[in-house]
Amino acid sequence: MTLSALLEKYDVPTPRYTSYPTVPQWHASPSTAEWLASLTRAAHRPDAALALYVHLPFCESLCSFCGCNTVITRDHGRERPYVDRVLAELRTYLTHAPAIAGQPFEQLHLGGGTPTFLSAGELTRLVEGIYQLLPRRTSGFEGSVEVDPRVTGTAHLETLRQLGFTRISLGVQDIDPDVQRLVNRVQPLALTERLCADARRLGYVSVNFDLIYGLPGQSPESAATLAREVLRIRPDRLAVYSFARVPWIKPQQRRFRDEQIPTGAAKRALYEAIRTPLLASGYVEIGLDHFALPADALARAAAGGRLHRNFMGYTEVRTTSLLGLGVSAISETPDCYHQNEKVIGEWERRIDAGGIPTLRGHRLSDDDRKRRALITSLMTRFEARIDDPAITLHEPALRELEADGIVAIHDGWLTVPESGRAFLRNVAAVLDAYLPAQDLSQPAYSKSV
């Protein structure tokens, strides 16, 4: 079967599997007491280690492709009260689950939104406040931040570097002026170049670019130009994300007309126009949508079988607990997921009342944990052992994938060859026990390719 035919067959709504179960299937929500008990159990494990994610939702303008939880405002007076509440949230956790502070604090990630919406002074107050409550490891600690080059200055980079941050991720998406106008993110390439040069001068050890393919107005020619300019700057890592068109969740995407959006084989051609020159220039393809230079820690982790994936994406740092702070932030322990309130006013009210701002979550069953491990293995190593009789698979779908050359099955192992990796989400779906029961008449997921 040709690639075009496979894309037509398999480019269907499919979960991204940043978690298992996926968020729409979180039904066994924990009580606050159960969630705190889960955090405490995780902190007492012999291999306990903590990662912290802080969601900073503010953006000065709305990018129409964006699927993140954001607050659009130009009122920078909102910075200080938000930082106060994030630190109050952490103090509440430490009051009710003090064991959190007893484990190694290995990773801090600031995401958004736009973390550099905050001034350098407020970023300092936030990060130093966290360090006072959770002393970081003296060696091996990783601080990382997502930045928008349009609002990020040298003072931001200098401040974060002084605070121990060594990784920076620049939102680029596309460099074509017409595409930028269509998605409401006009960002001259010179801004990105300047920020990248500043980061390297200041000693950041890893610079990442986020790109998106499948945006309105993109063409194979514009994608090739994007790849050429990226290779000229040569970041250490790249995330090349598929545009997730979910207008039922993100109303701003309704402005796009169907004929503007590349789909199927046309969309995959955009990815290949970026992927092919990256590989030819020495980048290593990692997992579903990442690339890194061979010397980068992410590539070394992939080569050594140590790559991990969680709500923050692919990472070489594997921790037992991910604690999310801020509006909509998601947390994870070995046996539980938890998400904060997604509406900022409600999150603020819950924090001011001294509580844990739970919106929803999921208590993982033994079956959930086993399937999560298998799907993580697929997403990080392109293989999973499937000979456990307790784990049922969607056999007809699996056999069809095998017949189409997307997977191979041998001695109890399911493997995805390079030719099948475009369909990695489809492969993971055969391990999803919840998928057959979902109401597919209602939109829930973006398409797999």
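Conditions tested, residue by residue: (1) crowded, with 21+ Cβ neighbours inside 10 Å; (2) within 23 Å of P247 (Cα to Cα); (3) among the charged types (D, E, K, R).
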position	(1), (2), (3)
S4	no, no, no
S19	yes, yes, no
Q25	no, yes, no
S31	no, no, no
A48	no, no, no
V54	yes, no, no
P57	yes, yes, no
S64	no, yes, no
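Checking L211, L195, L157 one by one, the residue that is buried (at least 18 other Cβ atoms within 10 Å of the Cβ), at pLDDT 95 or above, within 16 Å of A239 (Cβ to Cβ) and aliphatic (A, V, I, L, M) is L211 and no other. Take the conditions (1) charged (D, E, K, R); (2) free of Cβ contacts under 8 Å to residues at least 60 places away in the same chain; (3) closer than 30 Å to G264 by Cβ; R74 misses just one of them, which is (3).
The listed residues are R167, R136, and the only one of them that is among the basic types (K, R), over 23 Å from A101 (Cα atoms) and buried (at least 16 other Cβ atoms within 10 Å of the Cβ) turns out to be R167. Please determine whether any residue of segment 362-378 is buried (at least 18 other Cβ atoms within 10 Å of the Cβ) and β-branched (V, I, T). Looking through segment 362-378, at least one residue is buried (at least 18 other Cβ atoms within 10 Å of the Cβ) and β-branched (V, I, T). Within segment 365-386, the residues that satisfy the criterion of being assigned to a loop (DSSP other than H, G, I, E, B) and closer than 30 Å to R300 by Cβ are F382, I386. Does V327 satisfy the condition of being without any contact (Cβ under 8 Å) to a residue 40 or more places away in the chain and within 16 Å of Y82 (Cα to Cα)? Judged against the criteria, V327 is not a match. Every condition in (1) acidic (D, E); (2) touching a strand residue (DSSP E or B) at 6+ places or on another chain (Cβ under 8 Å); (3) at pLDDT 95 or above is met by E142 except one, and the failing one is (3). Please tell me if T263 is among the hydroxyl-bearing types (S, T, Y) and more than 24 Å from V12 (Cβ to Cβ). No. Considering Y314, Y271, which residue is within 21 Å of S419 (Cβ to Cβ) and hydroxyl-bearing (S, T, Y)? It is Y271.
Look at segment 394-420: where a residue is without any contact (Cβ under 8 Å) to a residue 12 or more places away in the chain, no partner that is surrounded by 16 or more Cβ atoms within 10 Å (Cβ to Cβ) sits 6+ places away or on another chain with Cβ atoms under 7 Å. Within 30 Å of G214 (Cβ to Cβ), surrounded by 15 or more Cβ atoms within 10 Å (Cβ to Cβ) and either hydroxyl-bearing (S, T, Y) or within 25 Å of the chain's Cα centre (by Cα) (or both): is that true of T114 in this structure? Here the answer is yes, as T114 does meet what is asked.
Based on this model, can you work out whether Y204 counts as among the aromatic types (F, W, Y), part of a helix (DSSP H, G or I) and over 22 Å from L62 (Cβ atoms)? It is false that Y204 is among the aromatic types (F, W, Y), part of a helix (DSSP H, G or I) and over 22 Å from L62 (Cβ atoms). When each of L195, L157, L170, L191 is tested for being of a type in the set (A, V, I, L, M), in a strand (DSSP E or B) and in the same structural domain as P220 (by TED's automatic domain parsing), the lone residue that passes is L170. The test for being surrounded by 14 or more Cβ atoms within 10 Å (Cβ to Cβ), in a loop (DSSP other than H, G, I, E, B) and in the same structural domain as A33 (by TED's automatic domain parsing) holds for I356. Before we move on, is G324 small (G, A, S), surrounded by fewer than 20 Cβ atoms within 10 Å (Cβ to Cβ) and either within 30 Å of E89 (Cα to Cα) or touching a Leu at 6+ places or on another chain (Cβ under 6 Å) (or both)? Here the answer is no, as G324 does not meet what is asked.
The values are calculated or read from the model by the stated rules, or taken from the named source; none is laboratory data. Just so it is clear, the structure is predicted and the values come from calculations on it, not from any experiment. Glycine also receives a Cβ, built like all others from the backbone with ideal geometry; neighbour counts cover every protein chain displayed.
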